[in-house]
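Trainee: If you scroll down you'll find the structure; I have some questions about it.
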Amino acid sequence: MTFPGKEAQAGVFPETAEIKNNHLFIGGCDTVELAREFGTPLYLFDEATLRHRAAEFKEEFQSRYPDTLVLYAAKAFICRALAQLMKDEGLGLDVVSGGELAIARSVNFPRDKIYFHGNNKSPAELTEALDWKIGRVVVDNFYELSLLSSLAQERGRIQDILLRLSPGIDPHTHHLTTTGVTDSKFGFLLAQADEAVAQAQASPYLNLIGLHLHLGSPIFEVEPYQQAIAIILDLAAKMKAKHGLDLKEFSPGGGYALSYTADSPAPPISHYAQAIVTALTADISNLGIDPPRLVVEPGRSMVGRSGVALYRTGATKEIPGIRKYVSLDGGMGDNIRPPLYGARYEAMAASKAGNPDMEKVTLSGRFCESGDILVKDVALPILGAGDIIAIPASGAYCIPMSSNYNAFPRPPIIMVREGRARLIRRRESYEQLMSCDLV
Ligand code: PLP
């Protein structure tokens, strides 16, 4: 990677990113050319970064704990090409809707490696999961326990399930992405676990094989994982003594951090793997539990770095002594994270990548909200209309949370690799925008 003058930013861009001929290149492709060919806004994914990350997750966990299944948490971003890539890399898939399940199905994803999550799965979605014979349903609450049991009974199926428990641990991240605390809509309370295990075991149509937790995201510390693992495994030991629970699988969820900005680097995956495996092996040996399969569910940390959003600059507005706004041709419609979570990003002038940073500007979106600001007060070269701005670390939770606000068509997505770009999702057309409308 050659990033002269921008070395600090290198870690937030895909691993193939380089500055050549004053332009930003990714996957051997000139991003300015890509913007011209496919139009902007444009999301690109670097295939090498994606594949290396998938392999890294498997290596870091399985070298420490061979019986680990790495699932990709599809909610971070899924499309058919990505589902195919995760399948090729030998990962499993965590889905949370019939739609994500349908995408998995469209590429014939190995169904035994699909885990179905969610706090309010519909009868129709659970039926789709049962009919397609997916591996596991991660049951979130009592309503779902009885619903799934009766749907499985109607089909004469026995479904393997895990119970999702809320360990009551704060992972010290944004309150909107904190899920494992007591006051959360997700999972059984610890106090409900006894009844949930008994109810699951009482159904001849459910096969309870494990326990699951997910603390939130992004989590920069490992201690919350260790505390939560101790709590849930202690509970598993009690459930073994009382109900004969055989813990075949255990999942501490996902939530690993991603480096969004140069000043907030995420710990390496090895750091999480070491902490999780150490806690798991120590706790099971203290508690006398047979080693379960470890199931991990990275989403953001799997795909975040490989994705880059490209925008074209348009209007500028200078407010003397206060701020200079440079408007881009995308914004909160394709990336809601800054207004929703106060998320921070880096930015690079891809069309002037070698130029020195000369002024601080605020990159605003094109949508009709004052809060539609992508990056505030960022140092960039002098920009004119028509420059290309690259926002790195855009691979997770941008596209899947995108909207048609202002009836703006959603952007296309390309995959780049060794100098070639492949369209994996077309830009939405006005016809598609109106395809469900009736007059
Ligand atoms: N697993 C579960 C159950 C989740 O709810 C989530 C995110 O919401 C994830 C995994 C993935 O989290 P992340 O993308 O932060 O790794």
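Trainee: So in the range 333-380, with the set limited to residues that are part of a helix (DSSP H, G or I) and within 20 Å of Phe77 (Cβ to Cβ), which one is farthest from the chain's Cα centre (by Cα)?
Mentor: Per the stated criteria, the residue is Pro339.
Trainee: State which residue is farthest from the ligand (Cβ to nearest atom) when the search covers only the range 83-97 and only residues that are surrounded by 18 or more Cβ atoms within 10 Å (Cβ to Cβ) and in a helix (DSSP H, G or I).
Mentor: Lys87
Trainee: Which of the numbered conditions does Ala275 fail, given that it passes all the others? Conditions: (1) within 16 Å of the ligand (Cβ to nearest atom); (2) in contact with a strand residue (DSSP E or B) (Cβ under 8 Å, 6 or more places away or on another chain); (3) at pLDDT 95 or above.
Mentor: Single failed check for Ala275: (2).
Trainee: Taking only the range 138-192 into account, find how many residues are aliphatic (A, V, I, L, M), within 23 Å of Ser217 (Cβ to Cβ) and more than 16 Å from the ligand (Cβ to nearest atom).
Mentor: 2
Trainee: Being farther than 19 Å from Gly180 by Cβ, away from the ligand (no atom under 16 Å from the Cβ), modelled with pLDDT of 95 or more and not acidic (Asp, Glu) narrows it down to one of Arg323, Arg305, so name that one.
Mentor: Arg323
Trainee: To continue, here is another question. Being under 19 Å from Ile19 (Cβ atoms) and not acidic (Asp, Glu) is the filter here, so list the residues in the range 347-374 that pass it.
Mentor: Ala347, Met348, Ala349, Ala350, Ser351, Lys352, Ala353, Gly354, Asn355, Pro356, Met358
Trainee: Determine the pairs where a residue that is free of Cβ contacts under 8 Å to residues at least 40 places away in the same chain, located within the range 322-340, has a partner that is of a type in the set (A, V, I, L, M, F, W, C) with Cβ atoms under 7 Å apart, the partner being 6 or more residues away or on another chain.
Mentor: Partner pairs satisfying both residue conditions: Lys324/Val361; Ser327/Ala315; Pro338/Ile373; Pro338/Leu374; Pro339/Met332.
Trainee: Continuing with the same structure: Phe3 fails exactly one of the following numbered conditions: (1) in contact (Cβ under 8 Å) with a residue 60 or more places away in the chain; (2) under 17 Å from Gly354 (Cα atoms). What is the number of that condition?
Mentor: Going through the list (1) in contact (Cβ under 8 Å) with a residue 60 or more places away in the chain; (2) under 17 Å from Gly354 (Cα atoms), Phe3 breaks only (1).
Trainee: In addition: Which members of the range 101-127 meet the condition of being touching a residue at least 24 places away in the same chain (Cβ under 8 Å), within 17 Å of the chain's Cα centre (by Cα) and within 12 Å of the ligand (Cβ to nearest atom)?
Mentor: Selection gives Tyr115, His117.
Trainee: Specify which of the listed residues (Ala390, Ala421) is assigned to a strand (DSSP E or B) and closer than 27 Å to Ala266 by Cα.
Mentor: Within the list Ala390, Ala421, the selection yields Ala390.
Trainee: Counting just the residues of the range 128-137 that are of a type in the set (D, E, K, R) and either within 14 Å of the ligand (Cβ to nearest atom) or assigned to a loop (DSSP other than H, G, I, E, B) (or both), which one comes out surrounded by the most Cβ atoms within 10 Å (Cβ to Cβ)?
Mentor: So the residue we want is Arg136.
Trainee: Evaluate the following for Gly253: is it within 16 Å of the ligand (Cβ to nearest atom) and at positive phi?
Mentor: Judged against the criteria, Gly253 is a match.
Trainee: Can you run down the residue pairs with Cβ atoms below 7 Å, 6 or more apart or on separate chains, where the first is in the range 14-38 and under 15 Å from Thr2 (Cα atoms) and the partner is of a type in the set (D, E, K, R) and part of a helix (DSSP H, G or I)?
Mentor: Close Cβ pairs (under 7 Å, with a partner that is of a type in the set (D, E, K, R) and part of a helix (DSSP H, G or I)) amount to Asn22/Lys352; Gly27/Glu47.
Trainee: Here are some residues: Ser203, Ser184. Which one is surrounded by 14 or more Cβ atoms within 10 Å (Cβ to Cβ) and closer than 30 Å to Arg344 by Cβ?
Mentor: The unique qualifying residue is Ser184.
Trainee: Which numbered condition in (1) charged (D, E, K, R); (2) away from the ligand (no atom under 16 Å from the Cβ); (3) within 19 Å of Leu93 (Cα to Cα); (4) crowded, with 19+ Cβ neighbours inside 10 Å is the only one that Lys248 fails?
Mentor: Of (1) charged (D, E, K, R); (2) away from the ligand (no atom under 16 Å from the Cβ); (3) within 19 Å of Leu93 (Cα to Cα); (4) crowded, with 19+ Cβ neighbours inside 10 Å, only one is false for Lys248: (4).
Trainee: Being assigned to a helix (DSSP H, G or I), closer than 27 Å to Ile269 by Cα and among the polar types (S, T, N, Q) is the filter here, so list the residues in the range 200-242 that pass it.
Mentor: Those that are assigned to a helix (DSSP H, G or I), closer than 27 Å to Ile269 by Cα and among the polar types (S, T, N, Q): Gln226, Gln227.
Trainee: Residues of the range 315-350 being among the small types (Gly, Ala, Ser), within 20 Å of Gly386 (Cβ to Cβ) and touching a Gly at 6+ places or on another chain (Cβ under 8 Å), which ones?
Mentor: Residues satisfying the conditions are Ser327, Gly330, Gly331.
Trainee: Read through the list (1) assigned to a helix (DSSP H, G or I); (2) within 16 Å of the ligand (Cβ to nearest atom); (3) over 27 Å from Ala81 (Cβ atoms), then give the number of the only condition that Leu294 fails.
Mentor: Answer for Leu294: the failing condition is (1).
Trainee: Which of the residues that make up the range 153-191 are part of a loop (DSSP other than H, G, I, E, B), touching an Asp or Glu at 6+ places or on another chain (Cβ under 8 Å) and modelled with pLDDT of 75 or more?
Mentor: If the condition is that a residue be part of a loop (DSSP other than H, G, I, E, B), touching an Asp or Glu at 6+ places or on another chain (Cβ under 8 Å) and modelled with pLDDT of 75 or more, then Pro171, His172, Phe186, Gly187 are the ones that fit.
The values are calculated or read from the model by the stated rules, or taken from the named source; none is laboratory data. Just so it is clear, the model here is predicted, and its values are computed rather than measured. We place every Cβ from the backbone using ideal geometry, glycine too, and count neighbours over all the protein chains shown.
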